[in-house]
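Below: one structure, written as structure tokens.
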Amino acid sequence: MKTMKFHVIFVAIFLTLFCLYDLVLCTQHDINNIRINKMGAGEKSPNDFAEIESLARFAVQQHNNKENAFLEYVTVLKAKEQVVAGKVYSLTLEAVDAGKRRIYEAKIWVKPWMNFKQLQEFKLARVISPFMSSDLGVKQEGHKLGWYEVPNHDPNVKDAANYAVKSITRRSNSLSPYKLQDIVQAKTKVIEDHVKFDLLLKVSRGVKEERLRVEVDKKQGGRFYMNWMEQDHS
């Protein structure tokens, strides 16, 4: 009889301890989920442009492979990162499809410790209208055009300025990326199948500010090329 009572008490104690252990595990699991959700709720802009550009190229390549497409990567326009089980990068990028400039939105899930990278979403956001000389408020006369001042807020000027700043950052190999503060002056001229931009930009790198003059070409199809850059001391 005493042995039976002992077994009953032992089983009761065992079950109680097991329930307490399971409760602790569940609570810890909930805490971990809350921590992950809190981290994932907030988005921030990433600082490593080289990594972001690599992810953008990866997204275009994966889309091309999946859809048998031939998109040509141009540049990243906007990037956000969100911490979940790893990181999810939300990118707005520009690519050329059959000569037409298009804006796409992509999401890439990355787990660096597993060498894992997956394209979760890739969709067309909008098509950019072809660039015309009339967009700049100038008229082409013959095959030669002089430089014309154009509004700093013109979308084509902004695109050229943003491209120039990103190109400068890539060439500088600096840990602190250049950031566009203002377009001080913008001039352009149309030469047959492409457009030249002469821009005076106010940029910053860390706490340092400087003025740079750049010349950027925009070729037919929407691709930019930066010809030269120099510091402006005026």
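Laboratory data are not the source of any read-out in this text; all were calculated from the coordinates shown. Because the structure is a prediction, the values reported are computed rather than measured. We place every Cβ from the backbone using ideal geometry, glycine too, and count neighbours over all the protein chains shown.
Quick notes on this one:
- Added length on full extension, which subtracts the Cα-Cα distance from 0.36 nm per residue, residue 83 to residue 191: 34.2 nm
- Estimated FRET transfer efficiency when R0 is 30 angstrom, pair residue 62-residue 211 (beta carbons, to 0.05): 0.15
- Net charge of the neighbourhood of residue 198, taken over other residues with C-beta under 10 Å away and scored Lys/Arg +1, Asp/Glu -1, is +2.
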